[in-house]
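Written below as structure tokens is the structure these notes are about.
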Amino acid sequence: MTGLTRVTGLGAKIVVILTPRTMTGTRSLIMTSGSASHLFATMLASVHTAAGAVLGGSADLSRVVVEPPRDPTHGDMATNAAMVLAKDAGKKPRELADALAEALRADALVEKVDVAGPGFINLTLKAHVWGDALRAVLATGNEYGRGTIGAGQKVNVEYVSANPTGPMHVGHGRGAVFGDALASLLDFAGFDVTREYYINDAGAQVDVLARSAYLRYREALGEDIGAIPEGLYPGDYLVPVGKKLAEEQGDKLRAMSEAEWLPLVRAKAIAMMMDMIREDLAQLNVHHDVFFSERSLIEGADQVGGTIATLRKSGEVYEGRLPPPKGGNLEDWEDREQTLFRSTAFGDDVDRPLLKSDGSYTYFASDIAYHKSKYDRGFTDMIDVWGADHGGYIKRMQAAVKAVSGGKAALDVKLVQLVRLLRNGEPVKMSKRSGDFVTLREVVDEVGRSAVRFDMLYRKNDAVLDFDLTKVIEQSRENPVFYVQYGHARGHSIFRTAQNEIAGFPTDAAARLERLKNAKVELLTDEGEFSIMRKLALYPRMIEAAATAHEPHRVAFYLYELASEFHSQWSRGGKESPHLRFIIQNDPEKTVARLALVQGIVTVLASGLALLGVDAPEEMR
């Protein structure tokens, strides 16, 4: 396909999830393959059954949810069933809640049901449920939490897409980390994900790049070029481009007119810039499946013109005049007859121009053709990750996607806010290499990939991030990446202690897991242990919710909370409460049960860290 470079394929997916099954009258969480779900879905099914029994089979249950309560003292789960079904049932919410609660009390997994406020229903589950959840983690291992909500549906995630005019900066890095983690999250939730990079290699900025590289070419031939003129790129990163041109072309380019040398220099400069960008991204362990060239849309078959012609036939493109914009912003307004896209028909504020006064295409026109190519490649779900300064572009692009797909495709745009780079609270000085910013590679080299990735994901993407180079490598609870990685390492430290103190305890990870699968987890009766098991049971639901909302920061938040509960339980087993230690010398069965809990913790921590692209060390140094 023109303009596409596929660099890696998408492997087949393995799906193993939790599903309810009836066994000797009591439901238990067991592992199966195929269409299944997790504990929260199991309880949602129970609520649906109760609603059907109370209301009959005609009730619309689509708005019924089962979620963790905001206040954990209210129980393990809460449902809004009575609140959303009361009107259709012709009952008061509280009255319906009482009837649903009575039906739910007969459920084999439910210990207690309470009705609160105007009709919320709080559920407390039986103790064995949490042991079953831990057994599910042990039985599934690294596949625990993998979901099927995506059902193999194709999703295109386009992220980074930085202009190929220089090295990556920290802002690019945040978009790269966010997009990469979101793609991994969607893949884990069962979607067929393609990671894509849009190379902006057709605009005026790449001609500026070529002229800047040509200056470095003359420098490589021995000419004193003096100060870099205003308007050209001043960074030292173009020096290798100039040297390469001199090596390959000699002084031949000097004899050519600009019209002759510009495309040659531009192609070489873009190729070398993209090689550098790929290397920068690889430092963050970010890799794309597809690199799509903007220039391919206009070279050869004119896909931009073709897209405009198609939209003209369907009535979405017309010739007209734009009124002056409100507020005096003249960016998109010219008082002339011009070719316009009818974006107001799809919810935009104003129709948008597709041709400039000189007859060339606007950026928007190329972007429409690009997104049409995504739709033509089979993507009806598209996610674009953009910088915060592109917020005003969202409505028109979403309108364009609706138009080129006949309403069959949807575009979700995630804006990534700015990164303020600090050191001990003070702004970091600019980089000599780039000329006007700190490069991403410099930051990764200083603090490490894991610190960069986790810290950038430990904030919502639409919040400004203060990235302090000193704080992200501190070994303290206030440094989230250290605290979570330390939780994983602490679990493995406990295993090493067990190998020294328990005769025959396996040193091999696979053998250890097999031993712990048979642990008597019903011996875990401390409230701290129950709290951790509840947290482990929440992991599949969290993955599903984070993937649905396109919010990978939820994974980072969850991991910090799980690590915090683990560290707290470890501290409780100190001198004051030695009976809570993970290894009890005179109680091998309880020790193995607690080691099974540790195995569940490190399994989920490793899984979540992998989704975020962060290392899960077994030792901290």
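A few comments on the model shown:
- The mean of 1/r over all pairs of different alpha-carbon atoms in the range 437-553, once inverted, gives a Kirkwood hydrodynamic radius of 17.7 Å.
- Derived value for the range 480-612: Kirkwood hydrodynamic radius 15.3 Å. Basis is the mean of 1/r over every pair of different alpha-carbon atoms.
- Altogether, the Stokes-Einstein calculation at 37 °C and 0.692 mPa s, with the Kirkwood radius of the range 531-570 over Cα pairs as Rh, returns a diffusion coefficient of 314 µm²/s.
- Taken along the Cα-to-beta-carbon direction at a fixed 7 Å, the label points for A106 and E576 span 4.7 nm.
- Dipole size of the chain about its Cα centre, with +1 on Lys/Arg Cβ and -1 on Asp/Glu Cβ: approximately 1260 debye, rounded to the nearest 20.
- Note on the range 414-487: Cα-only Rg and Dmax are 12.6, 40 Å.
- For V416, nonlocal amide neighbours, meaning residues 5 or more places apart or on other chains whose placed amide H falls under 5 Å from its own, are W386, G387, A388.
- Taking the helices alone, the chain has a mean residue ellipticity at 222 nm of -14500 deg cm²/dmol, built from -39,500 (n - 2.57) per DSSP H run of at least 4 residues and averaged over all its residues.
- Relative to the dominant Cα principal axis of the chain, helix 204-220 is inclined by about 70°.
- For the range 495-555, the fraction of alpha-carbon pairs in successive 5 Å shells from zero, as %: 4, 14, 14, 14, 17, 15, 11, 6, 2, 1
- Rounded tilt (10° steps) of 527-549 against the dominant C-alpha axis of the chain: 30
- Sparsely packed GluC sites (Glu not before Pro) within the range 297-396, loop by DSSP, other Cβ within 10 Å at most 14: E299, E331, E334, E337
- Rounded to the nearest 20, the Cβ-based charge dipole of the range 437-585 about its Cα centre (Lys and Arg +1, Asp and Glu -1) stands at 420 debye.
- Remark: spin-label model distance R70-D349 equals 3.3 nm, labels positioned 7 Å along the Cα→Cβ axis.
- Globularity ratio of the range 539-621, using Cα Rg and 2.2 N^0.38 Å: 1.29
- Calculated FRET efficiency for the pair V464/R336, C-beta based, R₀ 22 Å, to 0.05: 0.05
- Within the range 204-283, the proportion of C-alpha pairs whose separation exceeds 15 Å stands at 53%.
- Kirkwood radius, the range 240-309, all distinct C-alpha pairs, inverse of mean reciprocal distance: 14.8 Å.
- Hydrodynamic analysis of the chain uses the Kirkwood radius over alpha carbon pairs. Inserted into Stokes-Einstein at 4 °C and 1.567 mPa s, it gives a translational diffusion coefficient of 47 µm²/s.
- Treating r as the C-beta distance of D508 and H567 and R0 as 35 Å, the FRET efficiency rounds to 0.85.
- Within the range 269-343, all pairs of alpha-carbon atoms sorted by distance into 5 Å bins from zero give the percentages 3, 12, 13, 12, 12, 11, 11, 13, 10, 2.
- Working note: Karplus 6.51/-1.76/1.60 with θ = phi - 60° gives the range 90-104 the couplings x, 10, 6, x, 5, 5, 5, 4, 4, 5, 5, 4, 5, 5, 6 Hz, where Gly and Pro are set to x.
No lab work stands behind these numbers, since they all come straight from the coordinates. Keep in mind that this is a model prediction, so the values were computed, not measured. A quick note on method: Cβ atoms are made from the backbone with ideal geometry, for glycine too, and the neighbour counts reach across all protein chains shown.
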